[in-house]
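What follows is a set of notes on a single structure, which appears directly below.
Laboratory data are not the source of any read-out in this text; all were calculated from the coordinates shown. Because the structure is a prediction, the values reported are computed rather than measured. Here Cβ is always computed from backbone atoms with ideal geometry, including for glycine, and neighbour counts include all displayed protein chains.
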Amino acid sequence: MVNAVRRAGWALLLCLALSSSASAQQRLLRASDNDTLPSKPPTARIHYGPDSLQFGDLRLPATPGPHPVVIVIHGGCWVSRFATIQNSSALADALRDAGFATWNIEYRRTDSPGGGWPNTFLDVARATDHLRTIATQYALDLTHTIALGHSAGGHLALWLAAADRVPAASGIARRDPLKLRGAIALAGIADLADFRTYSMNSCGSVVDPFMGGSPEEFPERYAAGSPVALFPLSVPQVQIVGTLDRVMPQRAREAHEAAARASGSAFELIVIDGAGHHELMSPRSAAWPAIETAVRSLLRP
């Protein structure tokens, strides 16, 4: 009888341990969790182009301007079914509460009419340069502006910071790009060709549709659109990633760091213990203090 009770007790402890382990795994956020986070309405929703997806939500701090600006770019594998502007609204709102103007932008994705190469790039570029049009009205300090993006949005944030390095003959080159003070990638993709080797773990086969083909078919596109091909950047870049990120393998972030440092780019890697991929977009997660600190560091006077 005693042995039976002991066996039952050990079985219960094992069940509790397995349940605890499963709960720990379930604590990692999904993209949809961030879509449900509360955020206050933007100060203004502003279109930067005629397409229904060419708009941004501008949020202004309560303090008088001129306001430093954070361009916020959501991820989602460059595909609309994975994420929209709602996914980055809570983070943009938290940054506004921290004292920064935020320009949370929507853009056409691969599965949007007109999206993919070159228009996804041109949309985020146009949205960025549109800040010049609204700067006076909303007291924006364009000399203190950075880009911050998550995952595929991190790729676009790094690309914006490399605007002056894009070959002039490219279809995504800009004649007079707004100069940024830096870029923050939240588990952001720095190397499009390398992402093709591990995108199936999360997004599926999305790079070739996004770029219109493979690196072998369009080497000039990858040379103009992949941030690592544009190193060294003339401004600092920060990569923030969680130790439990199932989308970005450790080798990818280490390769990003190695390429940036070898090129002479100013680079900082911040690894958040216990954070997954989507925790980086939640101002309620352990990643938030590091994100706020990185933003303040790049935008300091």
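Amide hydrogen proximity for Ile71: with H placed 1.01 Å from N in the peptide plane, the residues at 5 or more positions away or on another chain lying under 5 Å are Trp103, Ile146, Ala147, Leu148.
Could you size up the charge dipole of the chain around its Cα centre, putting +1 on the beta carbon of Lys and Arg and -1 on that of Asp and Glu, and report it in debye to the nearest 20?
Values: 27 positive and 26 negative charges, 111 e Å.
Roughly 540 debye, rounded to the nearest 20.
Extending 7 Å from the Cα toward the beta-carbon at both Arg81 and Glu257 defines two label points whose distance is 3.6 nm.
Going by neighbour counts of Cβ atoms within 10 Å, the residues Val271, Val295, Val207 line up, fewest first, as Val271, Val295, Val207. Structure remark: mean-square fluctuation, Gaussian network model of the chain, C-alpha springs under 10 Å; the largest value among Asp111, Asp245, Asp35 belongs to Asp111. Over segment 68-201, the fraction of Cα-Cα pairs per 10 Å bin, rounded to whole percents and listed from the shortest bin up, is 12, 45, 35, 7, 0.
Taking the centroid of alpha carbons for each part, segment 122-192 and segment 27-67 are 17 Å apart.
Largest GNM mean-square fluctuation among Trp288, Trp103, Trp78, using the chain with Cα springs under 10 Å: Trp288.
Dipole orientation for the chain: of the candidates Thr128, Phe267, Pro42, Pro42 has the Cα lying most toward the positive pole (charges on Cβ; Lys, Arg +1; Asp, Glu -1). Going from the residue with the fewest nearby Cβ atoms within 10 Å to the one with the most, Tyr107, Tyr222, Tyr198 rank Tyr198, Tyr222, Tyr107. A Förster radius of 41 Å, combined with the Cβ-Cβ distance separating Ser202 from Arg175, puts the computed FRET efficiency at roughly 0.70. Taken over the Cα atoms of segment 195-301, the convex hull encloses 118 Å³ per residue.
Calculate the FRET efficiency for Ala193 and Arg30 from the Cβ-Cβ distance with a Förster distance of 25 Å, rounded to the nearest 0.05.
0.35
Averaging over every viewing direction, what projected area does the convex hull of the Cα atoms of the chain cover, in nm²? Don't skip to the end; give the middle numbers.
Details: hull surface 72.9 nm².
For the Cα atoms of the chain, the hull's average projected area reads 18.2 nm².
Fewest neighbouring Cβ atoms within 10 Å first, the residues Met281, Met248 line up as Met248, Met281. Counted over segment 33-299, the DSSP beta bridges are approximately 25% antiparallel. 3J(HN,Hα) couplings calculated from phi for segment 44-58 with the Karplus curve 6.51 cos²θ - 1.76 cosθ + 1.60 (θ = phi - 60°) are, in sequence order, 7, 9, 10, 8, 9, x, x, 6, 5, 9, 9, 8, x, 9, 9 Hz; Gly and Pro show x.
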